[in-house]
Amino acid sequence: FMKRDPTKAPKPREPENPASPVQGLAFEYYEGAWNELPDFDALKPVATGSAEQFGLEKRRRDEQFAFRFTGFLEVPKEGVYTFFTLSDDGSKLFIGKTEVVSNDGLHAPQEAAREIALKAGRHAIAVTFFENSGGEQLEVLWEGPGLPRQKISPTALFRAAP
């Protein structure tokens with residue numbers, strides 16, 4: 001059993017803790033043909049709105065579309081959290097400006113995961129996703145201290161008040 005050197009442990013990220021957020025996520029929905037995630041900042045969304053959680057329910061068609069979800073994730077206690085995206089086709093997950101999970105490109109349902117140290121509180125989270133053709137799927141999961149692996153619950157997701 002090796003003791004972890006505390007001086008080498010990653011410093012947990014500070015939360016943004018936005019004032020008076022509301023439940024749910026903001027989303028931008030796009031249509032187009034891509035083989036990898038586009039530069040969303042250069043595109044004009046077809047639709048915007050709010051969603052309860054990460055998923056594809058708000059899509060307007062089954063092929064050639066993309067989403068960017070943004071909001072805040074309520075982290076219950078300080079520690080190391082693992083984030084997973086299961087997607088068909090590509091997806092990425094960001095905490096703040098940090099790209100935590102990269103699961104980009106054209107592929108059948110595929111999972112990617114990575115961990116990040118977080119302090120308790122509400123952290124900025126963004127998930128991007130695109131679908132070219134074939135099946136479409138997006139699931140976002142996490143696990144951490146006292147939190148078994150599970151889909152991120154709508155109760156943990158917030159967005160800035162409009």
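Pop out the carbon and sulfur fraction of the accessible area of region 18-162 as a percent, whole number, probe 1.4 Å.
Numbers: 3140 of 6680 Å².
The computed percentage sits at 47.
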Taking placed amide H atoms and a strict 5 Å upper bound, the residues 5 or more places from residue 96 or on another chain that come that close are 124, 125, 126
Phi angles of region 131-147, converted by Karplus (6.51 cos²θ - 1.76 cosθ + 1.60, θ = phi - 60°) into ³J(HN,Hα) in whole Hz with x for Gly and Pro, give 10, 9, 8, x, x, 9, 7, 8, 10, 10, 10, 8, 8, x, x, x, 10
Of the candidates 75, 130, 55, the farthest towards the positive dipole end of region 41-162 (Lys/Arg Cβ +1, Asp/Glu Cβ -1, centred on the Cα centre) is 75
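Which whole-number percent gives the relative contact order of the chain, counting Cα pairs below 8 Å spaced six or more residues apart? Don't skip to the answer; put the middle values down first.
On the way: 416 pairs, mean separation 52.2, N = 162.
Reported relative contact order: 32 percent.
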Whole-Hz Karplus couplings 3J(HN,Hα) for region 36-52, θ = phi - 60° and coefficients 6.51, -1.76, 1.60, Gly and Pro as x, run 7, 4, x, 7, 4, 5, 8, 10, 9, x, 6, 8, 9, x, 10, 10, 5
Averaged per residue, the 1.4 Å probe accessible area of the chain, protein heavy atoms only, in Å², is roughly 53 Å²
Computed ³J(HN,Hα) along region 84-99: with the Karplus parameters 6.51/-1.76/1.60, θ = phi - 60°, integer Hz and x for glycine or proline, the list is 10, 10, 10, 9, 8, 9, x, 8, 9, 10, 10, 10, x, 8, 7, 6
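Considering only Cα-Cα distances, which of the following residue pairs are longer than 31 Å: 11/58; 8/44; 11/92?
Working: 11/58 37 Å; 8/44 43 Å; 11/92 22 Å.
Going by Cα-Cα distance, 11/58; 8/44 fall outside the 31 Å limit.
The values are calculated or read from the model by the stated rules, or taken from the named source; none is laboratory data. Just so it is clear, the structure is predicted and the values come from calculations on it, not from any experiment. No Cβ is skipped: glycine too gets one built from the backbone with ideal geometry, and neighbour counts run over all protein chains shown. The protein model used for the area step is the full one, side chains on, heavy atoms only, and it has no ligands, DNA or RNA in it. Shrake-Rupley method; radii C 1.70, N 1.55, O 1.52, S 1.80 Å.
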